[in-house]
1. Taking a ≥ b ≥ c as the square roots of the Cα gyration tensor eigenvalues, with a/c under 1.5 meaning rounded and otherwise prolate when a/b beats b/c, else oblate, which class fits the range 1-105?
2. Taking Rh as the Kirkwood radius computed over C-alpha pairs, what is the Stokes-Einstein D of the range 4-184 at 37 °C in a medium of viscosity 0.692 mPa s, expressed in µm² per second?
3. Sorted from fewest to most neighbouring beta carbons within 10 Å, what does the list Ser116, Ser34 look like?
4. How much of the calculated P(r) for the range 83-153 lies past 15 Å, in percent of all Cα pairs?
Amino acid sequence: MNKLILASKSPRRQELLRLMDIDFRIVLKEVDESYPDDLTPEEVAVYIAEKKAYAFDEIVGDEIVLTADTIVCIDEQILGKPENEAHAIEMLKQLSGRMHRVITGVCLFYKHKYHSFYDVSEVYFGKLTDEEIISYVEKYQPFDKAGSYGIQERIGLIGIERINGSYTNVVGLPTEKLYRELTTIKQI
């Protein structure tokens, strides 16, 4: 298999790749994650993943660059990463007792071609108390997470009633679809 470059500092994506027995190295580049206002949430996730991949257009040879972007969407409103503690608490209160969608856009850059796809999972939160939300935000500081939570952390363990779709997509990388895409480009 050709070497994979993961363009993400996410420890969750790194762990998922390790669990898939995929060798990779991490290369990070600063990328502006803004997007046009007229895109659907699915288009936004793919747009940002592709924007991240475009930063690697100098890669030649057999290496594959993997970029991804995960967004949380409720009522077609995209919830990004919280700006501060109050914003994180506000987001979690908005998600409490409701269904939201988690969308991960992925782009594989290989031999000057971009292979993009996305996955969507529906996540149903039970009703959370203010105390549960505040305690979670204070302890876990979810400021690097879209929607202000990590499914694998306490709030996910006590608050999520069910998921329709891929669990790993909610973690940050739809591994089954990723594996199929990598297989399609004949790299696994």
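Since every read-out is calculated from the coordinates, none of them should be taken as a lab result. The structure displayed is predicted, hence computed values, not measured ones. Please note: Cβ atoms are built from the backbone with ideal geometry, for glycine as well, and neighbour counts cover all protein chains shown.
1. Because a/c hits 1.5 or more and a/b exceeds b/c, the range 1-105 counts as prolate.
2. D, rounded to a whole number, is 196 µm²/s.
3. By the 10 Å Cβ count, ascending: Ser34, Ser116.
4. Of all Cα-Cα distances in the range 83-153, 59 percent exceed 15 Å.
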